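The values are calculated or read from the model by the stated rules, or taken from the named source; none is laboratory data. As the structure is a computational prediction, the values presented were derived from the model and not from experiment. For neighbour counting, all protein chains shown are included, and Cβ atoms are generated from backbone atoms with ideal geometry for every residue, glycine included.
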Amino acid sequence: MILAAVPQLIIQPEGRMSRHQQQTSFKATDSVVEVKSKFDAEYRRFAFKRNCPGGFQEFYSLLQTLHHIPEVDMLLGYADDHGDLLPINNDDNFHKAVSSANPLLRIIITKKEDEPVVFATNSLQRRKKGLGLTGLRTPASLSTHSKSKMGLFIGRPQNFRQISSIIDVDILPETHRRVRLHKHGTHKPLGFYIRDGASMRVTPYGVEKVPGVFISRLVRGGLAESTGLLGVNDEILEVNGIDVTGKSLDQVTDMMVANSHNLIVTVKPANQRNNVIHRGSKTTGNSGSFGSNGSTGSALSHDSTSPASHSTPITASNSIVEGDSDEEEDDDGDLILENDCLTLYQSPNNTNLTSERLHSSPVVRTLPQSVSVPVYMASKLRSGQNGYPGHSIQRSMREGGNILTL
Amino acid sequence: MKRFRRHGQDSQRDRLKQELFQFNKTVEHGFPHQPSALGYSPSLQLLAIGTRSGAIKLYGSPGVEFMGLHDENAAVTQVHFLPHQVELVTLLDDNSLHMWTLRAHTGLSELLEIGRFTLTGPPGAPPSVTRVTAVLAHSSGELLLLGTEGGHVFIVQVPGFRELEERNISLAEITNSVPDNCIVQRSLEHVEALEENPADPNHVAIGYGRGLIVIWDLQKRCAIQHFPATQQLESLCWTEDRGYILSSHSDGSYCRWLFGEEDGNEVEKSDIPYGHFPCKAISKIIQLPTKKGAPFLFFSGGMPRASFGDRHCITIIHNKTHVALDFTSRIIDFFVIKDGPLRTGDPSALVVLVEEELVVIDLKSEGWPVIQTPYLVPLHSSAITCSHHVSAIPLKLWERILAAGNLQKTNYSKKPWPITGGKNLAPDPPQRDLLLTGHEDGTVRLWNASGVCLYPMYKLSTAGVFHTDTDPNDNLHQGAEGDWPPFRKVGCFDPYSDDPRLGIQKIHLCKYSGCLAVAGTAGQILVLELNDEAAEHPVEAKVVDLLQGQEGFRWKGHTRLDVRDEPVRFEAGFQPFTVVQCQPPAVVTALCLHSEWKLVAYGTSHGFGLFDYQQKSNVFIKCTLNPSDQLAMEGPLSRVKSIKKSLRQSFRRIRHSRVSLRKHQVNNAAKLQEANARLEAELAEMELAPVQRKIEARSSDDSFTGLVRILYFADTFLSDSSHNTPSLWAGTNGGCVYVFILRLPSVEHRTDEPITAHPAKEIQLMHRAPIVGLVVLDGHGIPLPEPLEVAHDLARSPDMQGSHHLVVTSEEQFKVFTLPKVSAKMKLKLTAMDGSRVRRVAVAWFGSSQSEDYCESALVVLTNQGDLLVISLPGVKLQVRFPCIRKEDVSGIASCVFTKHGQGFYLISPSEFERFSLSSRFLVEPCCLVEVPLSSDASIQCMPKPDRFLSAYRETSQEVEDSDISARRVMEHALLNDENCWPSDQLVPATASAFRTTIFAL
């Protein structure tokens, strides 16, 4: 019955989304995935071939059409073998979900809450690429009942994303730490204060006291505190690869604020006991280092207190993602609104969340997924733009002193 | 390979950079901040001013300027030129003496410090013994008499600063030679005055603080006469005609003593000019003879303490005329210039240095009018609130402004400037430049900024358009204050603003049409036109609501200015014809005038608008306000309140501490200790909490994101790349650029068809830094010309074939976007790289110093670190960086204004502009020559005079052999002749003076 929806799904590609489009073989295979999707109180049942499931986007739009909710942003989740509710938000975990169907795949659709305006400014590309990252390294096994049992609120999977990483461990001295803070256009404050101070340096003339810049305070709930990688009294040595010696406090402040979209600070931690021990092996490292701010290299993230975590495969995947990411994922995303009233160009979707500011254009709500929105990011034109999920982080977790950074 | 090639280009570029850019601080315009000493050389006809910051400035005829700075950061307390020489001596606050000279080098004179000296007393003597209180540069040009706090007079030979210990006049010698009854009762106190008898250089009058005046013969080394004045002495003066000595005293009296008769030590005449009631001291008195008989008497101070004690007055009495010149600020010093080629004739001008200005009174003309000063003009007569520079003014406009300005200068003296020393050798300025300064009292002053002298051309007042609190008849009342003392107000320094709302914030002048737009503190924008005739007409006012009826806004700031409805009379010059008033009346933060389209754009913290001054109608309004921005909505008053509050609190605290101090005095040490402990605890607390800076990305709801920082008109491609359209660009504090397409009717329908505007684009910079500059580059990468520039054949028309580019300068980055499709092309991140921010940016043209026809445009930038940068266009590459202003000097950085040719001005004090140049071709700096006066040669020829002193010295020091003396005289001749052709650039001043001293010590 609704099996007919499957070829439709493959034949009707939404733009340039799928890299599986060409595999439109319709061979008779016995393995068919049954799908039961639930949105609010409504159920839909359908099926498709297990070996050619297509991409996540097709699946997403298929569900939208089936549920007749074409303009609703939704979150997909599925129940796996163990009864856990796991997210579907990219090709990988979609395939995982398909493979885990036994034989029924239960999909739960929830409406996405109102997103901040920034979300609309994030391009589709960003979302797609970024999602690859979240899905793989999310051990987010959370089910509805486990949530209630633990009594701890754990954010929805799409809210997880990387907020910080330690980079360049292989090229930095062990006493130093290079930390990257990912702000991703969220409204979460970076949340730390810096001050002037004096630091001891060994010079050819002996130990000398030289002026330095230090972290003086971390804001509770701020990004810096939640990473656990920066601490009070850590000395700041570099900001995005630029040495801060000889610079005034105000200059360093301005440098950090100007780089706040992709802030990489090299610090000498006041607490030297939690340093990453550099073992000389480059198994987790990425030797290709380009750019002064050294954005590549091994990425040891997650947990500064338990060095064991960096031997997990999660780290490996993480380092790949880090390697892809360009150093220029910064403020280039200037928002440019074109309102070419002279050319009478009237795109059906020529608006966005900020369009109220232009009084002459009609206000039409639009799909953020639509590629044809005239709002585009200047950065989109640049290559090497790796992304992050276009979701805002609502909460990072702190559990028994361990910080989960995703 | 590519790298190699680029390297070659780099070295070529480096050479070009050296030809294009060069940094010089050239000249200081305006009035020195906090002057503390005045000196004058009648032979050189140079004026010297010392300041509290240790600077010494010399001025001669217009364009002749020298400036020197003492290494010590101490105030200059006295300046004395050595008579008939090119040297001058300065005394600093730290008791050090400095010798300066004007040395000719490659045809130009320069001011050089050639020696320094501190008086050393005998071992174990208190420092007051050598604390110099009075300096006399003896007319021989070889001796310096130094009176000290201890009452001694030390004699020093100059220019080598060699102490002649044997000739010192000690206190003991004085007390021995004066009858006891003058001394016994009390000590003599310090030496207050040292004056040389103009008739006989051997006689020196020594005035002591307690009043005793002793006439000392330098040759005979004895006191000739003494005058026992009973009042505290303030100053002494020998009269030239007869042997009188005038002394002025702290009780407001002056006495005349007859010199010459051995026993005549009685006062001949004593008078308290403003007497009866207690008077303030007469700090300086001068009497000068005239050929016709009646002498001129000048004295400063002496006013009745109770009624006029706060006045700063100089009284001139001549014949029956008696005037008390009432100055605007404290009198530092004054001198009188005499007529004639040798400056020995009748008094011709009185030069008065007061704290905020220099006033010159013409004593030859009826009514003693003021002579307009060609330099040292008080820029800050009302505080400067903004400035604007226009280069290359067309001659026609220049003459019209000059004519209008001359009509304003009717009450000045017609006499030429009396200080005429030195020769101005600077070439004539290549173009006519105008600097416009806006002031707190609503005036705009136009200055001729073409050359070294910043000369006032025209003053425009906008206050007449509005009803203000002040009574226009205020000035008339001042004359009717009473007949005695006969006050006359002089000077133009007037820092008191009638209404702070009148303050000028933005100025834009179109040099081709003579159209001027001026915007002020209360959201008023005036459009003015130059009219050669006086006219009387009403000024049309137009109120525009920038909020466009948005609800929930409450303006708590000042109210709108009240425009006069009745016709207002305007003198010839710039006459306003339209006023736009923004509602809410917030400060106008951006202004742009396009005289070709006859449009003026204005912006405040709430939004921006476009006004058509041809049709006198508003074209459109755009509100840029962020609804969450409470501060912008309420206006400045809330902050003012808090200042008031904090002031009140601090006063309370002071009062409280005073009370508690008094208690402490009664109530002894225990509490004092407690207070000390508390203070220490407070200090420790302060140390615990160091200066912190929050690291926070800028978010969209910061304050004042809607504040419009820049407005720009451009004729460029916005919709497609084949049709260019007029457009208006606006940049905000929140990093947003709004672009509006303007549709202008054809020229024949310009007056009746309305102008329309449509929003075309909006660019929100992701880093949200305030936008400080917008420039559109044409197809060749050259900035679009100014309006009417092409029409006047003064610029090439822009290239409309190639694609245009937009250069957006935010505080943090320079970014190039393509047009019409706005996409980022290039950028230079400034803040992210070195933490500095852009404070000022302008487009400038740089000509090569090597080849005449090479010229390129670039952005000149001033950062918050006080550095000047040059950024190339269109490549946005950093070319050069020069440190210019101290980064702590916030007002200096804020006041910077650039010219179109790579020069600039910034305020180094409230009253002084420093001029700098980044260009190696365009440079305005003083080039002048001061020649050694003829009379100095005469003094060398009539050697006997100084020689007599030397012989006097020899008499006292017997061990010097005769042969040595003659040898020394030969050496000395050689030295003095050498003076004129000194190889100045080779010799370090210190070695030069050392060389000299060794010769003297032979």
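Give the residues of region A:240-262 that are more than 8 Å from every other protein chain (Cβ to nearest Cβ) and part of a strand (DSSP E or B), sorted by residue number.
The answer is A:ASP243, A:ASN262.
Only one of (1) in contact with a strand residue (DSSP E or B) (Cβ under 6 Å, 6 or more places away or on another chain); (2) without any contact (Cβ under 8 Å) to a residue 24 or more places away in the chain; (3) buried (at least 17 other Cβ atoms within 10 Å of the Cβ) is not met by A:MET200, so which one is it?
(3)
Scan region A:189-217 residue by residue and report those that are part of a strand (DSSP E or B), within 10 Å of chain B (Cβ to nearest Cβ) and not small (Gly, Ala, Ser).
Residues satisfying the conditions are A:PHE192, A:TYR193, A:ILE194, A:ARG195, A:ASP196, A:VAL213, A:PHE214, A:ILE215, A:ARG217.
Scan region B:868-885 and give yes if some residue there is assigned to a loop (DSSP other than H, G, I, E, B), at pLDDT 90 or above, farther than 20 Å from B:ASP10 by Cβ and away from chain A (no Cβ under 12 Å), otherwise no.
Looking for residues that are assigned to a loop (DSSP other than H, G, I, E, B), at pLDDT 90 or above, farther than 20 Å from B:ASP10 by Cβ and away from chain A (no Cβ under 12 Å), one finds at least one in region B:868-885, hence yes.
Looking at A:GLY231, A:GLY222, can you tell me which residue is within 12 Å of another protein chain (Cβ to nearest Cβ), crowded, with 17+ Cβ neighbours inside 10 Å and closer than 16 Å to B:GLN692 by Cβ?
That would be A:GLY222, the only listed residue that is within 12 Å of another protein chain (Cβ to nearest Cβ), crowded, with 17+ Cβ neighbours inside 10 Å and closer than 16 Å to B:GLN692 by Cβ.
Looking at B:ALA294, B:ALA324 in this structure, which one is aliphatic (A, V, I, L, M), in a strand (DSSP E or B) and surrounded by fewer than 19 Cβ atoms within 10 Å (Cβ to Cβ)?
B:ALA294
Examine region B:829-836 for a residue that is crowded, with 23+ Cβ neighbours inside 10 Å, more than 35 Å from the chain's Cα centre (by Cα), outside any loop (DSSP other than H, G, I, E, B) and within 14 Å of another protein chain (Cβ to nearest Cβ), and state whether such a residue exists.
Yes.
Among what's in region B:882-922 and is out of contact with any helix residue (DSSP H, G or I) (no Cβ under 9 Å at 6 or more places or on another chain) and of a type in the set (D, E, K, R), pick the residue that is farthest from B:ASP433 (Cα to Cα).
Taking the candidates together, the pick is B:GLU888.
Pairs needed: first member in region B:247-260, at pLDDT 90 or above; second member anywhere, among the aromatic types (Phe, Trp, Tyr) and assigned to a loop (DSSP other than H, G, I, E, B); C-beta distance under 8 Å; at least 6 residues apart or different chains.
B:GLY252/B:TYR274
Limited to region B:707-743, what total is found for residues that are crowded, with 19+ Cβ neighbours inside 10 Å and assigned to a loop (DSSP other than H, G, I, E, B)?
The number of residues fulfilling the criteria is 6.
Restricting the first residue to region A:79-103 and requiring it to be closer than 15 Å to A:VAL32 by Cα, which pairs with a second residue that is modelled with pLDDT of 80 or more and among the hydroxyl-bearing types (Ser, Thr, Tyr) meet a Cβ separation below 7 Å and a spacing of at least six or different chains?
Partner pairs satisfying both residue conditions: A:ALA97/A:TYR78.
Could you identify the single residue in B:LEU143, B:LEU233, B:LEU218, B:LEU194 that is modelled with pLDDT under 90, crowded, with 21+ Cβ neighbours inside 10 Å and within 23 Å of B:ALA37 (Cα to Cα)?
B:LEU143
Would you please name the residue that is surrounded by the most Cβ atoms within 10 Å (Cβ to Cβ), looking only at residues in region B:572-587 that are over 16 Å from B:LEU516 (Cα atoms) and out of contact with any Phe, Trp or Tyr (no Cβ under 6 Å at 6 or more places or on another chain)?
Filtering first and then ranking leaves B:CYS582.
Among the residues of region A:175-197, which ones are of a type outside the set (A, V, I, L, M) and modelled with pLDDT of 85 or more?
Correct list: A:THR175, A:HIS176, A:ARG177, A:ARG178, A:ARG180, A:GLY191, A:PHE192, A:TYR193, A:ARG195, A:ASP196, A:GLY197.
If a residue counts only when it is more than 23 Å from B:LEU376 (Cβ to Cβ), which strands (runs of 3 or more DSSP E) contained entirely in region B:65-126 have at least 2 such residues?
B:96-105, B:108-118
Of all residues in region B:802-828 being surrounded by fewer than 20 Cβ atoms within 10 Å (Cβ to Cβ) and under 15 Å from B:ASN724 (Cα atoms), which is nearest to the other protein chains (Cβ to nearest Cβ)?
Restricting to residues being surrounded by fewer than 20 Cβ atoms within 10 Å (Cβ to Cβ) and under 15 Å from B:ASN724 (Cα atoms), the top hit is B:LYS821.
Out of (1) part of a loop (DSSP other than H, G, I, E, B); (2) in contact with a Cys (Cβ under 9 Å, 6 or more places away or on another chain); (3) within 14 Å of another protein chain (Cβ to nearest Cβ); (4) of a type outside the set (Gly, Ala, Ser), the odd one out for B:ARG839 is which?
(1)
Taking the conditions exactly as written (surrounded by fewer than 18 Cβ atoms within 10 Å (Cβ to Cβ), over 20 Å from B:ASN733 (Cα atoms) and more than 10 Å from chain A (Cβ to nearest Cβ)), does B:GLU748 satisfy them or not?
Yes, satisfied.
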